[in-house]
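Working notes, beginning with the structure itself.
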Amino acid sequence: MKAKNIRNIIDIKDLSVLEIDNLIKVANDIIDNREKYSHVCDGKILATLFFEPSTRTRLSFESAMLRLGGKVLGFSEASSSSTSKGETLSDTVCVVSGYADIIAMRHPKEGAPMVASKKSIVPIINAGDGGHYHPTQTLTDLLTISRKKGRLDNLTIGVCGDLKFGRTIHSLITAMIRYPNIKFILISPDELKLPEYIITEVLKKNNIEYVETNNIEEYMDELDILYMTRVQKERFFSEEEYIRLKDYYILDKDKLRNAKKDLCILHPLPRVNEIHIDVDDDPRACYFEQAYNGVYIRMALILMLLEVEV
Amino acid sequence: MNIDTIKNGYVIDHITAGNAIKIYKLLNLGNLDCTVALITNVKSKKTKRKDLLKIGKLIDIDLDKIAYIDPQVTINVVKDDKIIEKKYVKLPEKLINVCVCNNPRCITSIERGLDQVFQLVNTEKKSYRCEYCESILEHDKFVI
């Protein structure tokens, strides 16, 4: 079977600004009118193919489909799929796309969703591929920023932590540059700086203002958004290197003393030590609300890809 | 030194000194059943030194592979002892199965039967980007 002319979301760039604005509008409507959407996907099936463990993303996709009235099937790690028997990703996707109406997949290898999209006869949503892209996390981030700040333009955004392997950061930067007057403060240790191709082809190419620093407090007073990330153990080949860098940044109340009163602190979660639990009570901590929003924006995305009219 | 002229085949000229062996390997010329002459460090007016390749048969050659290694070469097509065409190449926009992606996290590192596809991103640096993981490949590295 060959892929038909179907819509896939591999990268946030697969969505236009207009489409993202519309997804945010639908997500907000879902938040306000849950009952209206509770049966719009009756009879539809979402397959969650998670070749790499994930709690939040997988459960939020499943919650999204269940809340739309649809059903869910899939697996949560490669060892419980035919991959463990040596099946190629292409074959797995070719088969599963006959069992479901839409597929959300996570894979540790970068570019895996693109390979899947070439074989699938139903839409593929990239739920994270290695250190590459994670477009639905970005949609979640955009919905949260939009709800908290009331806009997606004129923002100074600090991104902090693992900027090298942090796929959420890569997708967020790619998405935000399409809005006017966005400035980035890139906060990371030298070893985990933003990849050169993103600096060159995304920031410089689009004349986006940015600063690189390894000091989290240096630009704190300028930030509208502070996006913290975890140093991900699974991205390192060396345990020693991971241990050396994992607690490089720990955001606590003291570091926030010069921050704006309406700063919005985000984190894709799970958190380890990079945000001290004392910050959780701060009204500027928005990361749990961000996680809740993930379900609603994924509901909106599923509706769009399945072309469901409400 | 005398190298026989060829009746039918190719003379790949103006190869940057040192690159002929790379082209020889990439085109698998060692497997041909015809005469192949690899001549290195030939005196050149333009570049002082150059390499030459002579292939004694009109085989199908992958110009993209040659262009990737050395876009400044001239390929002379010889038929019945005469040069009937001079081909000039340029750095290809797309490379398919010429190089392998060196990112251990790329899907191409585990998925069987997948073409290795790269897009040209910087003509000056001759760098390419993997179509799958978007890693940048430095020129002349990881040739298949």
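The values are calculated or read from the model by the stated rules, or taken from the named source; none is laboratory data. Since the model is a prediction, treat every value here as computed from it, not as a measurement. Glycine gets a Cβ as well: all are built from the backbone with ideal geometry, and neighbour counts include every protein chain shown. Side chains are part of the model used for accessible areas, which takes the heavy atoms of the whole protein and leaves out ligands, DNA and RNA. Shrake-Rupley method; radii C 1.70, N 1.55, O 1.52, S 1.80 Å.
Can you pull out the residues in the range A:136-195 that are closer than 21 Å to A:LEU263 by Cβ and aromatic (Phe, Trp, Tyr)?
A:TYR179, A:PHE184
Tell me, which residue of the range A:34-45 that is open to solvent by 20 Å² or more (accessible area, probe 1.4 Å) and not in a helix (DSSP H, G or I) is nearest to A:VAL310 (Cα to Cα)?
Filtering the range A:34-45 for residues that are open to solvent by 20 Å² or more (accessible area, probe 1.4 Å) and not in a helix (DSSP H, G or I), the one nearest to A:VAL310 (Cα to Cα) comes out as A:VAL40.
Quick one: in the range B:102-133, which of the residues that are acidic (Asp, Glu) and within 12 Å of chain A (Cβ to nearest Cβ) is farthest from the chain's Cα centre (by Cα)?
So the residue we want is B:GLU111.
Go through the range A:267-310 residue by residue and tally those that are open to solvent by less than 30 Å² (accessible area, probe 1.4 Å), under 24 Å from A:TYR248 (Cα atoms) and among the β-branched types (Val, Ile, Thr).
Number satisfying all stated conditions: 2.
Assuming A:SER84 fulfils every condition listed in (1) over 30 Å from A:ARG271 (Cβ atoms); (2) small (Gly, Ala, Ser); (3) modelled with pLDDT of 95 or more; (4) part of a helix (DSSP H, G or I) apart from one, which condition is it?
Among (1) over 30 Å from A:ARG271 (Cβ atoms); (2) small (Gly, Ala, Ser); (3) modelled with pLDDT of 95 or more; (4) part of a helix (DSSP H, G or I), the lone unmet condition for A:SER84 is (3).
From B:ILE75, B:ILE6, which residue is crowded, with 17+ Cβ neighbours inside 10 Å, at pLDDT below 95 and of a type in the set (Val, Ile, Thr)?
The conditions single out B:ILE6.
To keep it simple, each residue is scored yes or no on (1) free of Cβ contacts under 8 Å to residues at least 24 places away in the same chain; (2) buried (at least 22 other Cβ atoms within 10 Å of the Cβ).
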| residue | (1), (2) |
| --- | --- |
| A:ALA47 | no, yes |
| A:LEU59 | yes, no |
| A:GLY70 | no, yes |
| A:GLY98 | no, no |
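Matching residues to (1) farther than 21 Å from A:GLY130 by Cβ; (2) part of a loop (DSSP other than H, G, I, E, B):
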| residue | (1), (2) |
| --- | --- |
| B:GLN72 | yes, yes |
| B:VAL77 | yes, no |
| B:LEU114 | no, yes |
| B:GLN119 | no, no |
| B:LYS125 | yes, yes |
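So, in the range A:1-21, how many residues would count as being touching a residue at least 12 places away in the same chain (Cβ under 8 Å), more than 28 Å from A:THR88 (Cβ to Cβ) and assigned to a helix (DSSP H, G or I)?
Count: 3.
Quick one: is B:CYS99 within 14 Å of chain A (Cβ to nearest Cβ), in contact (Cβ under 8 Å) with a residue 12 or more places away in the chain and not acidic (Asp, Glu)?
No, not satisfied.
Kindly establish whether A:ARG58 is within 21 Å of B:THR108 (Cα to Cα) and not in a loop (DSSP other than H, G, I, E, B).
Taking the combined requirement at face value, the residue does not satisfy it.
Being within 24 Å of B:SER127 (Cα to Cα), open to solvent by 30 Å² or more (accessible area, probe 1.4 Å) and not in a strand (DSSP E or B), is that true of even one residue in the range B:48-60?
no
Could you pull out the residue among A:ILE185, A:ILE125 that is modelled with pLDDT of 95 or more and over 12 Å from the mean Cα position of the chain (by Cα)?
Every option except A:ILE185 fails the conditions.
Just name the residue that is nearest to A:PRO195 (Cα to Cα) out of those in the range B:73-96 that are touching a residue at least 40 places away in the same chain (Cβ under 8 Å) and of a type in the set (A, V, I, L, M).
By that ranking, first place goes to B:VAL73.
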